[in-house]
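Worksheet: the structure to be examined is printed underneath.
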Amino acid sequence: MSPTGDRREIVIVGGGIIGCCSAYYLTRHPSFDPARHKVTLIEASEIAGGASGKAGGMLAQWAYPSNIVALSYRLHAELAKEHDGINRWGYREVNCGQLVVRGRALTEKKAEDGSSESLQKRSTAALSKLKSAKIPQDLDWIEPELLRAYESMSGPGETAQVHPYQFTTSIAKLAEEKGATIVLGQVTDINRSKSSVESVTYTDKKSGETQTIAATDVLVAAGPWTNTILPEVPISAMRAHSVVIEPKKPVSAYCLFTNIEIPANFNPEKKSRPTVAAPEIYARPDRTVYACGEGDRIVPLPKLSSEVEVDQERCQEIIDQVGSISDNLRDGEVRARQACYLPNCDSGGGPLVGLTGVKGLYLAAGHTCWGIQNAPGTGKLMSEFVFDGQAKSAKIASLDPRDHF
Ligand SMILES: Cc1cc2nc3c(=O)[nH]c(=O)nc-3n(C[C@H](O)[C@H](O)[C@H](O)COP(=O)(O)OP(=O)(O)OC[C@H]3O[C@@H](n4cnc5c(N)ncnc54)[C@H](O)[C@@H]3O)c2cc1C
């Protein structure tokens with residue numbers, strides 16, 4: 001590791017939430033001096049074009065791994081306070097719960113007793129239905145007659161949320177404001193001498209030309225694409241679909257893990273159907289509702305995030321499932337049907353955060369389903385690895401990449 005008095009050419013590979021938070025904290029590190037230190041982030045497609053722009057955005061004190069969660073949860077709150085995250089990226093605290101509910105067939109009529117309408121108006125009958133089932137009274141956008149059980153998992157203080165696309169793109173801009181450079185191009189090689197990194201070669205997105213830039217430090221944060229650059233790293237990709245719906249009427253702030261019983265006559269046009277569906281449903285402060293379904297490994301990871309294949313049928317399934325338990329969502333406008341790839345750590349646990357066996361080469365990848373929650377903590381720790389030679393803000397020996405490959 002070169003002493004901090006030396007010139008440093010720091011290159012980050014990947015403009016997802018992990019790469020952008022790393023750029024942000026590198027440019028805020030006490031040792032960072034723009035006159036001597038250059039931070040360049042290279043992104044193949046677009047900032048937040050992958051999972052970091054299409055995730056749910058839930059933050060939880062009970063997420064994992066525990067050695068990074070508390071730090072990252074706190075940093076999310078601090079970032080929101082410092083940069084007006086409430087307005088810039090929809091930061092807010094939320095309730096979170098598990099919901100067991102009966103789904104209705106697609107052809108089944110809406111609640112004929114007008115309960116969904118009256119619920120919005122907080123009618124006595126509707127409220128008492130929720131109360132007797134121990135359902136929070138403001139969770140009034142799920143049809144009460146379909147509810148079987150609700151279990152609170154956490155509330156404000158323990159659970160919060162951000163809009164992942166808005167958060168990641170804002171953090172990228174904040175890093176640029178303090179001196180980071182963002183380049184659009186696909187990294188093809190990290191060039192090393194026997195003992196350390198020397199430069200990075202990439203194909204410029206606009207010109208198509210091959211460019212090589214000098215590097216004293218290279219931080220790989222390429223999410224599910226990590227092993228296309230470093231084949232020895234055990235990270236694989238799993239596709240997941242999601243939708244964004246603008247409901248007919250505003251909904252209360254809940255992140256819901258659902259268990260929806262799917263009736264035999266759910267969709268007469270489809271012979272096979274699951275008996276239970278478990279979409280996660282997140283109300284957002286921008287008046288939309290995000291819902292995602294289960295993952296699949298049917299279509300391999302494409303070269304670029306812009307080439308991800310969206311299976312419209314899978315999106316429709318999620319829309320039908322959430323519409324089957326909520327008239328408000330059924331009557332809403334579908335704003336997005338999308339898919340992205342989750343970075344899974346095949347050796348178990350994860351993420352892999354820290355030094356590698358090569359001098360100047362660092363890894364921050366494999367954040368599974370908690371990359372939004374754990375990104376600020378990861379970024380801060382990466383800035384410490386680069387400038388201090390070790391993690392200082394948390395004890396993360398168990399995430400050491402060198403134990404995994
Ligand atoms: C459906 C779904 C819901 C989720 N919900 C949540 C949630 O509620 N809370 C939570 O904490 N987490 C959630 N996650 C997980 C979270 O989205 C991921 O862990 C996180 O986005 C990973 O970030 P990343 O920066 O590592 O990867 P990515 O977002 O995939 O970014 C990697 C970037 O690297 C770029 N790249 C790849 N190869 C190259 C190359 N050769 N050269 C240059 N650039 C390259 C890509 O273009 C991409 O932009 C969810 C994930 C999914 C799929």
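The values are calculated or read from the model by the stated rules, or taken from the named source; none is laboratory data. What you see is a predicted model, and the numbers here were worked out from it, not measured in a lab. Every residue, glycine among them, receives a Cβ derived from its backbone with ideal geometry; neighbour counts consider all protein chains shown.
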**Item:** Single residue of segment 147-179 satisfying the filter (under 23 Å from VAL69 (Cα atoms) and among the aliphatic types (A, V, I, L, M)) that is modelled with the lowest pLDDT
**Value:** MET153
**Request:** Quick one: in segment 54-69, of everything that is out of contact with any Lys or Arg (no Cβ under 8 Å at 6 or more places or on another chain) and more than 7 Å from the ligand (Cβ to nearest atom), which residue is nearest to TYR290 (Cα to Cα)?
**Result:** ALA60
**Message:** Just to be sure I understand the filter: pairs with C-beta atoms under 9 Å, separated by 6 or more residues or on different chains, first member in segment 356-372 and on the phi < 0 side of the Ramachandran plot, second member aromatic (Phe, Trp, Tyr) and surrounded by 20 or more Cβ atoms within 10 Å (Cβ to Cβ). Which pairs pass?
**Reply:** THR356/TYR362; TYR362/PHE385; ALA364/PHE385; ALA365/TRP225; ILE372/PHE167
**Request:** For GLU333, indicate whether it is within 16 Å of the ligand (Cβ to nearest atom) and not basic (Lys, Arg).
**Result:** no
**Request:** Using the structure shown, decide if THR27 is of a type in the set (Val, Ile, Thr), touching a Lys or Arg at 6+ places or on another chain (Cβ under 8 Å) and more than 10 Å from the ligand (Cβ to nearest atom).
**Result:** yes
**Asked** Which ones in segment 30-45 are near the ligand (Cβ under 7 Å from one of its atoms) and assigned to a loop (DSSP other than H, G, I, E, B)?
**Response** ALA44, SER45
**Fill in**
Just one listed residue, out of PRO224, PRO231, is within 16 Å of the ligand (Cβ to nearest atom), over 24 Å from TYR91 (Cα atoms) and in a helix (DSSP H, G or I), and it is PRO224
**Residue match in segment 149-171 (condition: surrounded by fewer than 21 Cβ atoms within 10 Å (Cβ to Cβ), assigned to a strand (DSSP E or B) and of a type in the set (Phe, Trp, Tyr))** = yes
**Prompt:** Which residue out of LYS38, LYS81, LYS54 is modelled with pLDDT of 95 or more, buried (at least 21 other Cβ atoms within 10 Å of the Cβ) and not aromatic (Phe, Trp, Tyr)?
**Reply:** LYS54
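Taking the conditions exactly as written (without any contact (Cβ under 8 Å) to a residue 24 or more places away in the chain and under 22 Å from ILE260 (Cβ atoms)), does GLU313 satisfy them or not?
yes
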**Asked** Restricting attention to segment 363-395, which residues are within 21 Å of the chain's Cα centre (by Cα) and not in a helix (DSSP H, G or I)?
**Response** LEU363, ALA364, ALA365, GLY366, HIS367
**Item:** From the options ILE12, ILE17, residue that is farther than 16 Å from SER72 by Cβ, within 14 Å of the ligand (Cβ to nearest atom) and either among the aliphatic types (A, V, I, L, M) or in contact with a Phe, Trp or Tyr (Cβ under 9 Å, 6 or more places away or on another chain) (or both)
**Value:** ILE12
**Prompt:** Looking at (1) in a loop (DSSP other than H, G, I, E, B); (2) over 22 Å from THR188 (Cβ atoms), can you tell me which one GLY49 breaks?
**Reply:** (2)
